[in-house]
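Colleague: Handing you this structure, nothing more for now.
The values are calculated or read from the model by the stated rules, or taken from the named source; none is laboratory data. Just so it is clear, the structure is predicted and the values come from calculations on it, not from any experiment. Heads up, the Cβs are rebuilt from the backbone with ideal geometry, glycines too, and the neighbour counts pull from every protein chain shown. Side chains are part of the model used for accessible areas, which takes the heavy atoms of the whole protein and leaves out ligands, DNA and RNA. Shrake-Rupley method; radii C 1.70, N 1.55, O 1.52, S 1.80 Å.
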Amino acid sequence: MKLQRAVRLVTECVEEQRLSLALENIDSGSGRLVPGDLPTRSGVDPGLASVQTGDVLFGKLRPYLRKSWCATFPAHASTELLCLRPAPAVDSRWLGYLVASDPFVEWAVSTSDGAKMPRTSWEKLREFTFSLPSVATQRLIADFLDAETARIDSLVALITERRVLVSERFVAARAEWVLRGLDPISGAGCTEPSRVSKLGILVALQRGHDLPHEARRAGLIPIVSSGGISGRHDVAACEPPGVVTGRYGTIGEVFLIDEPYWPLNTTLYVSDFRGAWPSWVRHLLGSLPLDAESEKSAVGGIDRKVIGDLRVPVPSFDEQRSIARRLDALTATRAEVELRLAREIELLRQHKQALITAAVTGQLDLARDIAEEAS
């Protein structure tokens, strides 16, 4: 059966106050909404579609993101969401799983136009063909998938909580070893006040564009930006070692640079360590409230003076190296654990996707299995 015989594309919009849904409000690959408050709209805006409970939404922009949702309440949908209303012979939950299955998503991707922002259309999606089981079988499949996907989602949530716990414990341990109970803003809590210094006295804080522009050829080298280390550049303006963090956007991720690099003007750069151990400075910066104050700009960013006035403990050079070695080892362990947990989450999501595809395409004969169990 072609999709156009099983569903109707909803394009009409009623003039009624409802919650408004856009593409970004639907989570990728989960079949759920992104947590958060939704705005309300009257429904008079052009392009909106009035969604009923049981309608299925599918994101036509970049369909490989697998953004779909079976509506559980009335709403208004934006133009980037196709609102599919099932025919009487189609169970809405089963339809929701169908549009989340691999064959449907692959069809949507293959019928998309555009390179950077590929988009499919109803004219192409309506030609998608599939086997439609009886309504009773559809409901049986939906009941099975509801239970199984809920079990998988609960496991993913549990592993995600473990990842958060691993990160929180690392952050707490790093702050305990580096800050030693000191409040970097007030300076309170340190038992040895003579060993407390302002960060700006201990290291030199610079912006990327404050650096000398006498660049020299160094082959292909990393670019450091507010999002981390990415890309390559063919000139170098700075020599290692250096410690950098983003001044805008992604703030808080701190990197130790051990090769020449080209820092962009969105980078906060530590160049002159003045007797401090570079790796220790990296962990120190990672423990400080770098976003405690922002510069007066549209996007906000790190104010070097405010950050430079933060108070930090200053252990001996040998202590700094000892602390850095312990934290480097702990960082490696944390990365290994988080990678293993991330792999477990990915495997569970792949299993969930395979289960959905197998169930809606008839690879799983649920009716027969249930009959055999009953006998």
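Colleague: Any chance you could run the full-extension gain for ALA358 through ASP113? It's 0.36 nm times the residue separation minus the Cα-Cα distance, nm to one decimal.
Modeller: Using 0.36 nm per residue and subtracting the Cα-Cα distance, I get 85.4 nm.
Colleague: Take the Cα pairs of segment 1-64, get the Kirkwood Rh, then feed it into Stokes-Einstein at 25 °C and 0.890 mPa s and tell me D in µm²/s.
Modeller: Result for D is 183 µm²/s.
Colleague: So, one more: Which three semi-axes in whole Å describe the equivalent ellipsoid of segment 87-210, each the square root of 5 times a Cα gyration tensor eigenvalue, listed largest first?
Modeller: The answer is 57, 25, 9 Å, longest axis first.
Colleague: Can I ask one more? With N residues in segment 8-105, what two-decimal value do you get for its Cα radius of gyration over 2.2 N^0.38 Å?
Modeller: So segment 8-105 has a normalised radius of gyration of 0.99.
Colleague: Before I look further, what does segment 62-208 give for accessible area per residue, probe 1.4 Å, in whole square angstrom?
Modeller: Heavy-atom SASA per residue in segment 62-208 reads 49 Å².
Colleague: Provide the FRET efficiency to the nearest 0.05 for the ALA172-LYS124 pair, computing r from the beta carbons and using R0 = 51 Å.
Modeller: So, using R0 = 51 Å, E works out to roughly 0.45.
Colleague: Carbon-plus-sulfur fraction of the accessible area of segment 88-132, 1.4 Å probe, in percent?
Modeller: Result for segment 88-132: 56 percent of the exposed heavy-atom area is carbon or sulfur.
Colleague: Would you mind telling me the share, in percent, of accessible area of segment 1-44 contributed by carbon and sulfur at probe 1.4 angstrom?
Modeller: Solvent-exposed carbon and sulfur of segment 1-44 make up 46 percent of the total.
Colleague: Give me the one-decimal nm value for the distance between modelled label points at ARG195 and LEU341, 7 Å along each residue's Cα-to-Cβ direction.
Modeller: About 3.2 nm, to one decimal.
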